[in-house]
Amino acid sequence: MPLWRSARVTEHLLTGATIALAFESARRLGLRVDRLPRVVRWWHARLCHILDMRIETTGHPSRGCLFVANHVSWPDIPIIGAQSPVGFLSKAEIRRWPLVGWMASIAGTLFLPRGANQVGKMIGIIEKRLRNGHGVVVFPEGTTTDGTRLLRFHPRLFAVGQCAGIRVQPVAIRFGTNSAPDPNAPFIGDDAFLPHLANVISKPGMRVQLHFLPPLDGAELSRREIAEYCGSQIAAVLEIEQVPASLPLGADHASEQYASPPEAMVH
């Protein structure tokens with residue numbers, strides 16, 4: 001069965017490359033590519049099916065939101081991408097990955113170069129996409145974790161949520177259950193992609209809990225308040241502690257309670 005599933009994953013990647021080439025060729029010819037977001041969503045959903053992901057979803061993704069999610073592993077992307085036509089914000093290094101970076105670029109992934117001065121430009125790009133009704137997913141921890149802790153959210157990109165008419169929707173993802181996290185899911189530290197993919201392929205039936213929490217109107221909040229609110233909501237639904245990014249995952253420290261914004265700001 002793992003060999004058959006490996007063959008299906010390979011076929012799926014090749015299918016994605018063929019689709020990406022077709023849409024890129026159409027774009028260069030000046031043809032409309034309106035169906036691309038729906039095709040990308042189909043591609044994510046099919047990958048989850050091939051990998052036999054058992055996804056339990058609560059809540060619904062809202063249209064044109066900045067989605068803010070905790071980050072455990074690379075499957076976070078197809079799992080969230082299968083729920084709604086969305087784009088992702090990724091570090092610039094991914095753009096240079098063979099095949100995957102090229103496909104992600106055509107699919108609408110935004111790549112954030114290193115440097116604080118690049119964030120302002122990216123905020124404008126994200127805002128434009130959101131106002132056109134397209135969702136964008138960010139992972140503000142800046143790295144992956146083992147899922148038992150939530151790192152502090154970096155607030156810079158939350159400036160998008162301060163724009164009038166833009167809403168921010170927290171998204172919580174858990175592999176396994178609260179009492180029994182899946183040890184095979186996290187992609188952390190020095191993990192390499194291909195061995196991790198092989199491990200996921202060999203262990204079908206991975207359980208995933210995905211929570212779309214109520215969107216927030218942050219026009220009257222600071223970006224730090226938006227970040228802290230999203231982090232506290234995700235930590236609460238996952239029943240995990242949010243910790244400073246500078247501390248190791250196993251460090252003992254008191255959890256902080258964040259004041260929720262007025263109820264009128266949550267929709």
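Structure notes:
- Build a GNM of the chain with springs between Cα atoms under 10 Å apart, and of 223, 46, 32 the one that fluctuates most is 32.
- Rounded FRET efficiency, nearest 0.05, which uses the C-beta distance separating residue 29 from residue 188 and R0 of 45 Å: 0.60
- Label-point gap, in nm, between residue 128 and residue 92 - each point 7 angstrom along Cα→Cβ: 1.8 nm
- Whole-Å semi-axes of segment 136-243's equivalent ellipsoid (Cα gyration tensor): 29, 14, 12
- Gyration tensor (alpha-carbon) shape descriptor, segment 118-181, a/c threshold 1.5: prolate
- Normalised by residue number, the volume inside the convex hull of the Cα atoms of segment 68-110 is 80 Å³ per residue.
- One chain, two ends: residue 57 and residue 15. Fully extended at 0.36 nm per residue, the span grows by 12.4 nm beyond their Cα-Cα distance.
- Using a Gaussian network model of the chain in which every pair of alpha carbons under 10 angstrom is joined by a spring, one finds that among 142, 120, 81 the greatest mean-square fluctuation is at 120.
- Shape class for the chain: oblate, because the ratio a/c of the largest to smallest gyration tensor axis (alpha-carbon atoms, square roots of eigenvalues) is 1.5 or more and b/c is at least a/b.
- Segment 1-160, Rg to Rh (Cα coordinates; Rh as Kirkwood inverse mean 1/r): 0.96
- Kirkwood's formula applied to the C-alpha pairs of segment 164-224 gives a hydrodynamic radius of 14.5 angstrom.
- Binned Cα-Cα distance frequencies in segment 203-244 - 10 Å width, integer %: 23, 42, 25, 8, 2
- Most fluctuating residue given options 72, 237, 136, as computed from a GNM of the chain linking Cα atoms under 10 Å: 237
- Distant-in-sequence amide contacts of residue 59, defined by a placed amide H-H separation under 5 Å and a gap of 5 or more residues or a different chain, comprise 212.
Each reported figure results from applying straightforward, stated rules to the coordinates on display, with no laboratory input. If you're wondering where the values come from, they're calculated on a predicted model, not measured in any experiment. Reconstructed Cβ throughout: ideal geometry from the backbone, glycine too, with neighbour counts over all protein chains shown.
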